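Colleague: Pasting a structure here, questions to come.
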Amino acid sequence: MIITLYSTKSSTKTSIAISTAIYLANKNKSVVFADLDVMQGSASAWLDYRQDNENLIHIPNFQKTGKYIARDLLELAKNYNYVVADCAGHADASGRSALTVTDLAIVPVLPSSLSLITLETTLNSCVDALAINPKLNVLIVMTGCHSNPQVKDTKEAREMVLELIKNEPSFKLADNNIVARKVWIDIVVEGKGITESNNTQAATEFENLMTGIFQWL
């Protein structure tokens, strides 16, 4: 399965991508990471930190760019249960190419006006990809949320997203939000995923998100 983190505006995208790969690896799945955001390379740096800790499961990482992204991802998928790809935080050619072979696109979005404005562009790219890749499923995840789910910004953002995707059967808004917590910053230099952190709330939250994703699929 190819899972692509896709967003025209970065919204903790790389953090979710890394934590998804690590979650799957810790479930005894064979996982490879494809860093398509080669200009920034933050995902690769994160996984380099991980290699320094022999107690953590190693996740192979490849930096990919260029017009053959779709082919490269399909090749990786022949040898691994899961390919997790992290695209650049804008609608670049690599990201659009990845969508044409992706099984699940995870689209993180902040409950802010700017992020919600750019979400429509992101979803339009996913609609275009569906014409080539009808197996594509798209999951929107609200991230950077207040810990109180009834806070106005989060509630209104969810309503706006549901309105945007109401006519797209392959699109879904995740039931679980990701709350803004400092631990998401702390885990980077440790090379860890959020489910390996000592923050029980954050780890449980992400476990629930992942469970919900694979139940949907």
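Colleague: Using the Cα centre of the chain as the reference point, and only Cβ charges (+1 on K/R, -1 on D/E), how large is the resulting charge dipole? Debye, rounded to the nearest 20.
Modeller: 280
Colleague: Now, a different point. What accessible area per residue, rounded to a whole number of Å², is obtained for region 8-72 using a probe radius of 1.4 Å?
Modeller: Details: 3190 Å² over 65 residues.
It amounts to 49 Å² per residue over region 8-72.
Colleague: With no solvent and one point on each alpha carbon, what is the Debye value of log10 I(q)/I(0) for region 78-170 at q = 0.12, 0.21 Å⁻¹?
Modeller: Debye curve over Cα of region 78-170, log10 I(q)/I(0) at q = 0.12, 0.21 Å⁻¹: -0.41, -1.08.
Colleague: Using only helices, what value at 222 nm comes out for the chain when you add -39,500 (n - 2.57) per DSSP H run of length 4 or more and divide by the total residues, to the nearest 500 deg cm²/dmol?
Modeller: Helix contribution divided over all residues of the chain: -13000 deg cm²/dmol.
Colleague: Give 29/172; 13/192; 135/192; 67/172 a once-over and call out the pairs whose C-alpha atoms are over 21 Å from each other.
Modeller: 29/172; 135/192; 67/172
Colleague: Among all the aspartates and glutamates, which ones have a C-alpha under 17 Å from residue 182's C-alpha, if same-chain residues fewer than 8 places away are not counted?
Modeller: 190, 196, 205
Colleague: If all Cα-Cα distances of the chain are sorted into 5 Å bins from 0 onward, what percent lands in each bin, rounded to whole numbers?
Modeller: 1, 7, 16, 21, 22, 17, 10, 4, 1, 0
Colleague: OK, next. Taking 0.36 nm per intervening residue step and subtracting the Cα-Cα distance, what contour gain separates residue 28 from residue 182 on full extension?
Modeller: Numbers: separation 154, 0.36 × 154 = 55.44 nm, distance 2.78 nm.
Here the answer is 52.7 nm.
Colleague: Nearest 20 debye, what's the magnitude of the dipole of region 82-163 about its Cα centre given +1 on Lys and Arg Cβ and -1 on Asp and Glu Cβ?
Modeller: 120
Colleague: Distances over 20 Å make up what percent of all Cα-Cα pairs in region 18-104?
Modeller: 31
Colleague: Rounded to a whole number, what % of the accessible area of region 48-171 do carbon and sulfur atoms account for, probe 1.4 Å?
Modeller: Values: 3220 of 6490 Å².
Carbon with sulfur: 50 percent of the solvent-accessible area.
Colleague: Accessible area per residue for region 141-217 in Å², computed with a 1.4 Å probe and the full protein assembly in place, what is it?
Modeller: I get 55 Å² per residue for region 141-217.
Colleague: Round to the nearest 0.05 the FRET efficiency obtained for residue 151 and residue 207 when R0 = 30 Å and r is the Cβ-Cβ distance.
Modeller: So, using R0 = 30 Å, E works out to roughly 0.85.
The values are calculated or read from the model by the stated rules, or taken from the named source; none is laboratory data. All values derive from a computational prediction rather than experimental measurement. So basically every Cβ, Gly included, is an ideal-geometry build from the backbone, and we count neighbours across all protein chains shown. The protein model used for the area step is the full one, side chains on, heavy atoms only, and it has no ligands, DNA or RNA in it. Shrake-Rupley method; radii C 1.70, N 1.55, O 1.52, S 1.80 Å.
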